[in-house]
Amino acid sequence: MSNFQTLDDVEHLIYGENLPVNVGMDIVNRCNVSCRMCGGALYVEEKGFDKYSRLGFDDIMKFFSDVQVSEITFVGSYSEPFMNRDIIPTSRKLIAHGAKVTVITNATLITRDLAEDIVRSGIHHIYVSIHGATKETAEFVMRGAKFDTVTQNLRNLIEIRCELGSRTPHVTMNMVLMRENIADAPKMIELARELGVDGVAFANMRLPDFQYEPESFTVSLITEDLDVSAKHLTEASNLAKEYGVALNIPQPLRPLLAG
Ligand code: SF4
């Protein structure tokens, strides 16, 4: 049960007077990719789309008019934030109000024009979900994404950031590890170096909350083959050190690293 009894008890939290307030927000209920481990994608594959909905500029700003936030992450369970074009003007406004904006995206839609808008908007950090470091693996996991398009979009984003002399957005490639892509872990470090992104974050795959039909879940946990997973993860970690690529490995996977 909550310890808060009245609005006065929580008001300082809402206004962020004593604590930073970080908000994660879905601004559209669609993704243009269908990843094999994504609960939202599995839900859509099985049951079809829910009614389309998106938050426009005014909707989002209305929410934030009463909340002093320090950080906003446009994220989603089955949501591609750049499918909502209001993200750029909204981000600009929120940044002007002192918030840090982070976006989690599959990068399929980051054309050169959008890349320029992203850099000029002041968006602080972009996490790019890319679940394979080769065309074969990435397109197997991320059904509907084109690996060559995503990597070219990333190249353009980094190039435009450099041309405009901006330090932001920081770009991190985010790879959910599973048995089907673990062999690509070291190649992801190579790819990060080649593209010039700022880092790589590995995440351990979780089984989706959605009660999917068992045959629709076509990937498996890296724990199914621990020795092989440990070998690839260790190789990735060593390469990251050698190349100076910032690598985040989640705590539960660190015991797999040799040495
Ligand atoms: S890109 Fe992200 S939101 Fe879209 S299907 Fe893949 S995991 Fe789900």
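The values are calculated or read from the model by the stated rules, or taken from the named source; none is laboratory data. All values derive from a computational prediction rather than experimental measurement. Cβ: placed from backbone, ideal geometry, glycine included. Neighbour counts: every protein chain shown. The protein model used for the area step is the full one, side chains on, heavy atoms only, and it has no ligands, DNA or RNA in it. Shrake-Rupley method; radii C 1.70, N 1.55, O 1.52, S 1.80 Å.
A few remarks follow.
- Test: residue in the stretch 207-214 that is modelled with pLDDT of 95 or more, within 20 Å of GLU80 (Cα to Cα) and over 18 Å from the mean Cα position of the chain (by Cα): no
- When ALA246, ALA201, ALA258 are checked against the criterion of being among the small types (Gly, Ala, Ser) and in contact with a Pro (Cβ under 9 Å, 6 or more places away or on another chain), a single residue qualifies: ALA201.
- Verdict on PHE147 being open to solvent by less than 60 Å² (accessible area, probe 1.4 Å), under 23 Å from VAL245 (Cβ atoms) and among the aromatic types (Phe, Trp, Tyr): yes
- If you filter the stretch 198-243 down to residues that are touching a Leu at 6+ places or on another chain (Cβ under 8 Å) and of a type in the set (Val, Ile, Thr), you find that the one that is surrounded by the most Cβ atoms within 10 Å (Cβ to Cβ) is VAL200.
- When residues of the stretch 119-130 are limited to those that are within 16 Å of the ligand (Cβ to nearest atom) and either open to solvent by less than 10 Å² (accessible area, probe 1.4 Å) or at pLDDT below 95 (or both), the one nearest to ILE189 (Cα to Cα): ILE130
- Scanning the stretch 85-118 for residues that are under 12 Å from ILE160 (Cβ atoms) and surrounded by fewer than 23 Cβ atoms within 10 Å (Cβ to Cβ) gives THR111, ARG112, ASP113, LEU114, GLU116, ASP117.
- Index of the failed condition, MET173 passing every other in (1) closer than 22 Å to ILE110 by Cβ; (2) exposed (fewer than 13 other Cβ atoms within 10 Å of the Cβ): (2)
- Each residue in the stretch 135-184 was checked for being out of contact with any Gly (no Cβ under 9 Å at 6 or more places or on another chain) and either under 27 Å from ALA230 (Cα atoms) or in contact (Cβ under 8 Å) with a residue 40 or more places away in the chain (or both), and 22 pass.
- Per this entry, HIS131 is not counted among residues that are more than 23 Å from MET37 (Cα to Cα) and either within 18 Å of the chain's Cα centre (by Cα) or touching a residue at least 24 places away in the same chain (Cβ under 8 Å) (or both).
- Yes/no for GLY165 being surrounded by fewer than 21 Cβ atoms within 10 Å (Cβ to Cβ), out of contact with any Pro (no Cβ under 8 Å at 6 or more places or on another chain) and not in a helix (DSSP H, G or I): yes
- Evaluation of GLY16 against (1) open to solvent by 60 Å² or more (accessible area, probe 1.4 Å); (2) at pLDDT below 85; (3) over 14 Å from the mean Cα position of the chain (by Cα) (one fails), failing number: (1)
- Being assigned to a helix (DSSP H, G or I) and in contact (Cβ under 8 Å) with a residue 24 or more places away in the chain is true of ALA192.
- Scope the stretch 132-144; condition part of a loop (DSSP other than H, G, I, E, B) and either open to solvent by 10 Å² or more (accessible area, probe 1.4 Å) or modelled with pLDDT under 95 (or both); matching residues: ALA133, THR134, GLY144
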